[in-house]
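**Q** My questions will all concern the structure given below.
The values are calculated or read from the model by the stated rules, or taken from the named source; none is laboratory data. Bear in mind that the values here come from a model prediction, so they are computed numbers and not experimental data. Positions of Cβ are generated from backbone atoms using ideal geometry, with glycine treated the same way; all protein chains shown enter the neighbour counts.
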Amino acid sequence: MKNAIFIKYLDQSARREFNKLKKIKKEERELYNFKISTSIWFKDMIWNFNYANEKNRIAYKYRFDYNKIPAPYQFYVKATILNKLLSSENRITGAYDIYAHLKTITRALYFNNITDIRLVSLNEVKNYINSKFVKCGDSHIAVLVVDFKKFIEAIDEFEEYNYEDILGFLNNTINKCWKSRPQKAENDYIPFIFLNQIVSLAIRDIDNENLKMDDRIVASLIVLMAETGMRAEEVTLVETNKLDSVEVNGKEICYLKFLTFKTQQNEYEGRETYTWLTEKALKAYRMCESFVNTIVDNLSEESRLRILISLHNKEKLKQRFRIKQLREMASKIDDNEVKQLEKEMRRYLFISDKYGTQKRGSELFRENIEKFFVRHEGDFDIENIKPHELGYIKQFNISSKAKYEKFFSVEQRKKVQYEEVKDKKYLYVNPHMFRVTVCTKLFLQGVHIDFIIKHMNHLEEDMSLYYYKSEKFVDELEEGAEILSGMLNKEGVIITNPDLTNDSFIKTVVSDKNIREKIEKINSFLEKSEKNNHLNIKDNFKNTIRKLEKTDTPIVENEFGVCVKSVIFGICEKRKYFSTLSDNYFIGIQLPTYRYIHYSYERFRQKVEGIEHNRKIAEKDDRYSVEYEREKKVLAAFIKKTLNTEINLLDKDIQDYGIEMVIEKHPDLKSIIENLEKIRKEIQLWML
């Protein structure tokens, strides 16, 4: 995969030439030049990778302008960026984030009279980093310092200066920030009363034919985001004609395919995934599709021709042309291509009603959301929101005249002057809060964590820390397991007959028909699992539940987890997101984190033991050989999808931060880390 990416976007000789550059003398280095890609040379002051922007993401993140870097630092910033592009995480947008940080860092150093690379001292670096602690959070500083470290390491590859003290300080700072990061996420959710008002107002905007199409499109995207929890960039790249459906128990369930860029660490530019749609989200999507068609159908001839030519040329027309010239340019495009380009004009939901062109980037979308809140400033009622939840709602003000002119039309500005609004506080929630809120609602409804992970397309920081922050959840799970273990009879089955117990609380629990049905299912699951997995349920019920929820036995990824949580939390609505009792050996979800690799390795060992047992049975009776082969394939899929990915992620952090720092951060993984190579060899034996 790595080589395929490398060949596709960078010149095949770039790595070899860059390594050669690192070995030549400084005076020769100034004259040395080589190709990075077909159109970019190392000495170019602008590296424009827009040809690689196949998913039509925000364009500026594919353009590196080294004119904006102070001259003494330009060469070393280029070297840092190329190191990144040549690494296994060959993502141009990721390299751009490093470029943006280094632009900030080098400018600060230069304006502090550090005009020569030799003047970069430990004291100067400390002063700069310490100044950041005054106004930035630890997470931001950690990322900034990691990129600063990459920059110093790049200099170290070329110059014979001693940077051990600086690198030591940067490593300590990274470690300090890492340790101080909260173990529980601090993301605020949107108070449900306020969220309902936002969605209601957005739907009102969608239905308001007097509103500009731009505003109706943004309202549609707000509803999509509020109902599905999609990320800001994801929702701005939602395409038309991406709706599909399945039938569940005679009911049509609609889902939307879209691009995500967060969950595939080893893929270059994201992948297609999907999300289930509520009725409100479905309406918003379909209405938005109709808005796009209306906009494109009503474009002027000039606008239509300009879009066709721009799409054909793969770049915007940078000057004005007479209509006759545009017609002449468009006439040179093949008729079949014109048909394809006309489809492309209707591809994205987030388009301009004035020009019919795609609007790109989460920054622009955030600004459009602010505009929505300004338009509805008098429509919100927050009186019934709990006092502690009011603090979750953010505020912003229109801080510049330029923003005022952007948010208010000419007609509106005649009625409302800038002086009247510049100090006004407008209610606001950022896009990520919609995501947290959807996750929170699913959690409170008792939905299985695996469904939440899959539905939200979650990463470790984005979801897992959030989910596990709930001490109340953990406490209730412990308490519930304690209650259930106290309800076992002599045979190790949970009591369902209220007449068989003298405990008034247990009588109350099992008298509830819904809860009793869930308990009966739990009993069925546990009895079957005891038979198949040799678990001693009677002797250690609580550990059995934990073991079953941490492993991929046939019961875990279906209704078992839902039933346990339903009984524990009193949530009795049967969840229909999971499949039947017996045929769910492994429905894994790739979660790009190694935090739980010890559990994955434990699963691997358990699976191997089961397969070895099945092999012996199959040798005696070949009727079981098919099942044996199936189990081997399932194990190979588990290794490829989960365990191997986790090993690679862990190995990368060890390379980046050192084995001691990773062990210090994750002491429960010490045994795994120290035996990583042994484990790697062990799993290779089972990969098909």
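**Q** Within the stretch 285-299, can one find any residue that is modelled with pLDDT of 90 or more, surrounded by fewer than 17 Cβ atoms within 10 Å (Cβ to Cβ) and part of a loop (DSSP other than H, G, I, E, B)?
**A** Checked the stretch 285-299: at least one residue is modelled with pLDDT of 90 or more, surrounded by fewer than 17 Cβ atoms within 10 Å (Cβ to Cβ) and part of a loop (DSSP other than H, G, I, E, B).
**Q** Within the stretch 135-172, count every residue that is modelled with pLDDT of 90 or more, farther than 21 Å from residue 87 by Cα and among the β-branched types (Val, Ile, Thr).
**A** Total meeting the criteria: 1.
**Q** Any idea which residue in the stretch 80-96 is surrounded by the fewest Cβ atoms within 10 Å (Cβ to Cβ), counting only those that are out of contact with any Lys or Arg (no Cβ under 8 Å at 6 or more places or on another chain) and either farther than 22 Å from residue 29 by Cβ or modelled with pLDDT of 85 or more (or both)?
**A** Step one: filter the stretch 80-96 for residues out of contact with any Lys or Arg (no Cβ under 8 Å at 6 or more places or on another chain), giving 81-82, 85, 87, 89, 91.
Checking the rest, the ones that are also either farther than 22 Å from residue 29 by Cβ or modelled with pLDDT of 85 or more (or both) come to 81-82, 85, 89, 91.
Working: 81: 23, 82: 21, 85: 26, 89: 14, 91: 21.
Selected residue: 89.
**Q** Also: Give 309, 369 a once-over and let me know the one that is assigned to a helix (DSSP H, G or I), of a type in the set (Val, Ile, Thr) and within 28 Å of residue 409 (Cβ to Cβ).
**A** Numbers: 309 fails: within 28 Å of residue 409 (Cβ to Cβ).
It is 369.
**Q** A further question follows. I'm trying to understand the selection: among the residues of the stretch 188-224, which are touching a residue at least 24 places away in the same chain (Cβ under 8 Å) and part of a loop (DSSP other than H, G, I, E, B)?
**A** 188, 189, 190, 191, 212
**Q** If the requirement is being at pLDDT below 85, of a type in the set (S, T, N, Q), within 15 Å of the chain's Cα centre (by Cα) and in the same structural domain as residue 509 (by TED's automatic domain parsing), which of these qualifies: 489, 457? Walk me through how you get there before you give the answer.
**A** Numbers: 489 fails: within 15 Å of the chain's Cα centre (by Cα).
Exactly one of 489, 457 is at pLDDT below 85, of a type in the set (S, T, N, Q), within 15 Å of the chain's Cα centre (by Cα) and in the same structural domain as residue 509 (by TED's automatic domain parsing), namely 457.
**Q** Enumerate the helices (runs of 4 or more DSSP H) found wholly within the stretch 7-87, keeping only those where 2 or more residues are more than 22 Å from residue 119 (Cβ to Cβ) and touching a residue at least 24 places away in the same chain (Cβ under 8 Å). Give the derivation first.
**A** Values: elements: 14-21, 26-29, 74-85.
By residue number, 14-21, 74-85.
**Q** Kindly indicate whether residue 316 is part of a loop (DSSP other than H, G, I, E, B) and either among the hydrophobic types (A, V, I, L, M, F, W, C) or at negative phi (or both). Before the answer, list the steps.
**A** Values: part of a loop (DSSP other than H, G, I, E, B): yes; either among the hydrophobic types (A, V, I, L, M, F, W, C) or at negative phi (or both): yes.
Judged against the criteria, residue 316 is a match.
**Q** Mind checking which residues of the stretch 579-623 are farther than 30 Å from residue 672 by Cβ and at pLDDT below 65?
**A** So the first thing to find is which residues in the stretch 579-623 are farther than 30 Å from residue 672 by Cβ, and the list is 579-583, 617-623.
Answer for the stretch 579-623, where residues must be farther than 30 Å from residue 672 by Cβ and at pLDDT below 65: 579, 580, 581, 582, 583, 623.
**Q** Let me ask something else. For the stretch 602-619, state whether one or more residues are loosely packed, with under 14 Cβ neighbours inside 10 Å and in contact (Cβ under 8 Å) with a residue 40 or more places away in the chain.
**A** Within the stretch 602-619, none of the residues are loosely packed, with under 14 Cβ neighbours inside 10 Å and in contact (Cβ under 8 Å) with a residue 40 or more places away in the chain.
**Q** Can you tell me which residue within the stretch 372-415, out of those that are of a type in the set (A, V, I, L, M, F, W, C) and not in a loop (DSSP other than H, G, I, E, B), is surrounded by the fewest Cβ atoms within 10 Å (Cβ to Cβ)? Don't jump to the end; show me each part of the working.
**A** Step one: filter the stretch 372-415 for residues of a type in the set (A, V, I, L, M, F, W, C), giving 372-374, 380, 382, 385, 390, 393, 396, 398, 402, 407-408, 410.
When the remaining residues are screened for being not in a loop (DSSP other than H, G, I, E, B), the result is 372-374, 390, 396, 402, 407, 410.
Working: 372: 18, 373: 19, 374: 20, 390: 12, 396: 15, 402: 9, 407: 17, 410: 7.
Out of the qualifying residues, it is 410.
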